[in-house]
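Reading through the structure tokens given below for one structure.
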Amino acid sequence: MGGINEKPFLQSSRHPALSVTIPSPHHRGTPSKQVSARMRISLLMLGIILAGVAVRKLPLGLPFFVTKWSGSWLWGMMMWCAVSLLFSPRHPVRNALLALVLASMSEELKCLHTPALDYFRSNALGSFLLGHHFALTNIGVYALAILATAYGAGCWERRTPCNATPPPAF
């Protein structure tokens, strides 16, 4: 009830829960742009998680430089995806700033040592998720990854090449 492609049939201002809606015949089977954007972001996030696990845990023979910085890059991308799933993907600047704050906080969490956090870090999963050593350069990589992901997502939504020149304004 109350979906995007539905028109109000009976609407009660006093009791909105009692309002009845019927599907609009003009939009039958057409997914909303918001839902498809969330689906794309979810699939991107799943791919990022799989790529992160593959890069860090599978014996791919990649140099340390690639495994170290690609992990940080993918973490920044995943932060942008998580924020864009929680909030509206139509606000890319706000989402990018919030993702950068969260990614920075996750890096700064490495400076915090409590018995519970240290115990969690001693496990393989905790070490993989939280890490051990703070590095300011990771925050820079997170920022670049978040900006690149937000920019790429914006280009995808507009369906224009990212290097295309805009049409002249008249």
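None of the figures in this text is laboratory data; all of them are computed from the coordinates on show. All values derive from a computational prediction rather than experimental measurement. When we count neighbours, we look across all protein chains shown, and the Cβ atoms used for this are built from the backbone with ideal geometry, even at glycine.
Observations on the model:
- Ile49 versus Asp118: modelled label distance in nm, points set 7 Å from Cα along the beta carbon direction: 3.1 nm
- The calculated FRET efficiency for Arg159 paired with His91, based on their beta-carbon distance and R0 = 22 Å, is about 0.70.
- Backbone HN-Hα couplings from phi across the range 135-149 [Karplus 6.51/-1.76/1.60, Hz, Gly and Pro as x]: 9, 4, 5, 4, 5, x, 5, 4, 4, 5, 5, 5, 4, 5, 5
- In sequence order, the range 98-106 has phi-based couplings of 5, 5, 5, 4, 5, 5, 5, 5, 5 Hz under the Karplus curve 6.51 cos²θ - 1.76 cosθ + 1.60, θ = phi - 60°, and Gly or Pro positions carry x.
- Net charge over other residues, Cβ less than 13 angstrom from the Cβ of Asn138 (K, R count +1; D, E count -1): 0
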